[in-house]
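To start, the structure itself, in structure tokens.
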Amino acid sequence: HCHHYTCPRDGETMLELIDTPGFQDARNANAWIEDWQRKHSGSTGPEAVRAYLVAHANVQAAVNEVRVLETVLGCGAGLIYVAHADQRYKGSHDAELALLARAGRPRMGVLNLVGASRYRDRWREAMSVHCGKVYEIDAVHACFAERMRLLESFKGLDDSWAPAISRAVELLR
């Protein structure tokens, strides 16, 4: 399920984060979308994702893909894909990043530098291909200033978000 976290101040929501479930089978979702796009030449990624949502609305095997993609398209949000640098990078991760890219929303990869971070370079390389921005942080040991820099970096995903994010950063400081 999706979990919503809001950052309210004086009755105003400064920021809302939605933690979505992980994907079950991003490879099959990508294959379905690619096939749909071949049949509907000239279609965009978001159109194909919407078609996938309609076709898979009641398919139990795709419930997580549907929840994630509905959330992404429904709220018009940016995406933050978080990965741990000590976790081996697999082809399934590439499929997840590619599927999120199809939604056509601004994307950032956040690489959590916990543990040995032995797969850091591979994750960074993959995130650089599929995300407009990659940010590295040790989420466990990051100080307040480092966390604020991460929040401020969200401004670079969509210029129209800059005023709201600047306000949130100002109020949190």
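Values computed for the structure shown
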{"read-out": "Any hit, segment 117-129, residues being under 24 Å from Thr13 (Cα atoms), among the hydrophobic types (A, V, I, L, M, F, W, C) and assigned to a helix (DSSP H, G or I)", "value": "no"}
{"read-out": "Residues that are within 15 Å of Glu16 (Cα to Cα) and of a type in the set (Asp, Glu), drawn from segment 142-173", "value": "Glu152"}
{"read-out": "Residues that are in a helix (DSSP H, G or I), open to solvent by less than 90 Å² (accessible area, probe 1.4 Å) and over 29 Å from Ala95 (Cβ atoms), drawn from segment 140-154", "value": "Ala145, Glu146, Met148, Glu152"}
{"read-out": "Residues of segment 1-17 classified as in contact with a helix residue (DSSP H, G or I) (Cβ under 6 Å, 6 or more places away or on another chain) and either surrounded by 16 or more Cβ atoms within 10 Å (Cβ to Cβ) or among the aliphatic types (A, V, I, L, M) (or both), total", "value": "2"}
{"read-out": "Residues of segment 117-131 satisfying the condition of being in contact with a strand residue (DSSP E or B) (Cβ under 7 Å, 6 or more places away or on another chain) and open to solvent by 50 Å² or more (accessible area, probe 1.4 Å)", "value": "Arg120, Arg124, Ser128"}
{"read-out": "Condition met for Val49 (surrounded by 12 or more Cβ atoms within 10 Å (Cβ to Cβ), without any contact (Cβ under 8 Å) to a residue 60 or more places away in the chain and closer than 16 Å to Val68 by Cβ)", "value": "yes"}
{"read-out": "Segment 73-109 - residue that is of a type outside the set (Gly, Ala, Ser) and assigned to a loop (DSSP other than H, G, I, E, B) and, of those, most open to solvent (accessible area, probe 1.4 Å)", "value": "Arg88"}
{"read-out": "Residue check for Asn58: among the polar types (S, T, N, Q), crowded, with 18+ Cβ neighbours inside 10 Å and more than 19 Å from Pro106 (Cβ to Cβ)", "value": "no"}
{"read-out": "Members of segment 67-88 found to be among the polar types (S, T, N, Q) and under 13 Å from Pro21 (Cα atoms), listed by number", "value": "Thr71"}
{"read-out": "Selection status of Ala162, within 25 Å of Thr44 (Cα to Cα) and open to solvent by less than 60 Å² (accessible area, probe 1.4 Å)", "value": "no"}
{"read-out": "Residue in segment 132-139 that is in a loop (DSSP other than H, G, I, E, B), farther than 24 Å from Arg9 by Cβ, in contact (Cβ under 8 Å) with a residue 24 or more places away in the chain and open to solvent by 60 Å² or more (accessible area, probe 1.4 Å) present", "value": "yes"}
{"read-out": "Members of segment 25-46 found to be of a type in the set (Gly, Ala, Ser) and either open to solvent by 60 Å² or more (accessible area, probe 1.4 Å) or touching a strand residue (DSSP E or B) at 6+ places or on another chain (Cβ under 8 Å) (or both), listed by number", "value": "Ser41, Gly42"}
{"read-out": "Residue satisfying condition, being surrounded by fewer than 17 Cβ atoms within 10 Å (Cβ to Cβ), of a type in the set (Val, Ile, Thr), closer than 23 Å to Lys133 by Cβ and modelled with pLDDT under 95, within set Val114, Val63", "value": "Val114"}
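The values are calculated or read from the model by the stated rules, or taken from the named source; none is laboratory data. Keep in mind it's a predicted model, so treat the numbers as computed, not measured. In this analysis, Cβ positions are derived from the backbone assuming ideal geometry, glycine residues included, and neighbour counts consider all displayed protein chains. To get the accessible areas, we keep the full protein, side chains included, count just its heavy atoms, and leave off ligands, DNA and RNA. Shrake-Rupley method; radii C 1.70, N 1.55, O 1.52, S 1.80 Å.
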